1. Please enumerate the residues belonging to the stretch 75-98 that are of a type in the set (A, V, I, L, M, F, W, C), closer than 19 Å to residue 31 by Cα and either surrounded by fewer than 17 Cβ atoms within 10 Å (Cβ to Cβ) or touching a Pro at 6+ places or on another chain (Cβ under 8 Å) (or both).
2. Among the candidates 119, 77, which residue alone is in contact (Cβ under 8 Å) with a residue 40 or more places away in the chain and within 18 Å of residue 155 (Cα to Cα)?
3. Tell me yes or no: at least one residue of the stretch 12-26 is hydroxyl-bearing (Ser, Thr, Tyr), in contact (Cβ under 8 Å) with a residue 12 or more places away in the chain, part of a helix (DSSP H, G or I) and surrounded by fewer than 17 Cβ atoms within 10 Å (Cβ to Cβ).
4. Failed condition for residue 168, given (1) modelled with pLDDT of 95 or more; (2) surrounded by fewer than 20 Cβ atoms within 10 Å (Cβ to Cβ), with all others met?
5. Scan 55, 65 and give me the residue that is more than 15 Å from the chain's Cα centre (by Cα) and basic (Lys, Arg).
6. Looking at (1) without any contact (Cβ under 8 Å) to a residue 60 or more places away in the chain; (2) surrounded by fewer than 20 Cβ atoms within 10 Å (Cβ to Cβ); (3) closer than 13 Å to residue 79 by Cα; (4) not β-branched (Val, Ile, Thr), which is the one condition that is false for residue 5?
7. Read through the list (1) hydrophobic (A, V, I, L, M, F, W, C); (2) over 21 Å from residue 83 (Cα atoms); (3) in contact (Cβ under 8 Å) with a residue 24 or more places away in the chain; (4) out of contact with any helix residue (DSSP H, G or I) (no Cβ under 6 Å at 6 or more places or on another chain), then give the number of the only condition that residue 114 fails.
8. Please go through the stretch 126-170 and give me each residue that is over 19 Å from residue 38 (Cβ atoms), assigned to a helix (DSSP H, G or I) and in contact (Cβ under 8 Å) with a residue 40 or more places away in the chain, ordered by number.
Amino acid sequence: MNILRTVKLADVFTAGNLVCGVLAIFTASNAQFNLAALLIVLAVIMDTLDGKIAKLMHQTNSFGKQLDSLADLISFGVAPAFLYYALREPGIGIVLILILFSVCGMLRLARYNVSEGEGFEGVPITVNGFLFPILYLIYLALPATLVIWPAVFAAMSVLMVSSLRLKRIF
């Protein structure tokens, strides 16, 4: 398979999603938390655009679906967990919750990739691309709210792997 012939325009936006997620991790590790949160939101925009472009240009394929999930795991699974980790440097119990969150995100994406039905089973991992930047904005105004993040990570872990059926909203 010639990789350059396989990559489509939509995949460039998927790569943009991944780049935003990786840069969010890098910037959070340098205590640039505002930029990290913004990059997670930009990853959501890139993720939305890749799907819209793929459909518009009739470029949906399993290669693009796999790429999308790989990028989503970094941007909406690992990056939000690392943002919290860099803000707080939590103990082992919370680190385990952050790891569980990332693993549940991976499981959610794998299930989505092999499903054939309409809509979603479990909360899409992309929701985290909005949720945690919003929590970060709340944290800026009310720093004490950082203590609720582990409960949110735990709840999202359960919701992502749940059997809850949801319809697409965009």
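The values are calculated or read from the model by the stated rules, or taken from the named source; none is laboratory data. Source: prediction; values computed, not measured. Cβ coordinates were reconstructed from backbone atoms using ideal geometry, including for glycine residues, and neighbour counts include every protein chain displayed.
1. Selection gives 95, 98.
2. On the way: 119 fails: within 18 Å of residue 155 (Cα to Cα).
Only one candidate passes the filter, namely 77.
3. Checked the stretch 12-26: no residue is hydroxyl-bearing (Ser, Thr, Tyr), in contact (Cβ under 8 Å) with a residue 12 or more places away in the chain, part of a helix (DSSP H, G or I) and surrounded by fewer than 17 Cβ atoms within 10 Å (Cβ to Cβ).
4. Answer for residue 168: the failing condition is (1).
5. Selected residue: 55, the only one of 55, 65 that is more than 15 Å from the chain's Cα centre (by Cα) and basic (Lys, Arg).
6. Result: residue 5 fails condition (3) only.
7. For residue 114, the failing item is (3).
8. 150, 153, 154, 156, 157, 158, 160, 161
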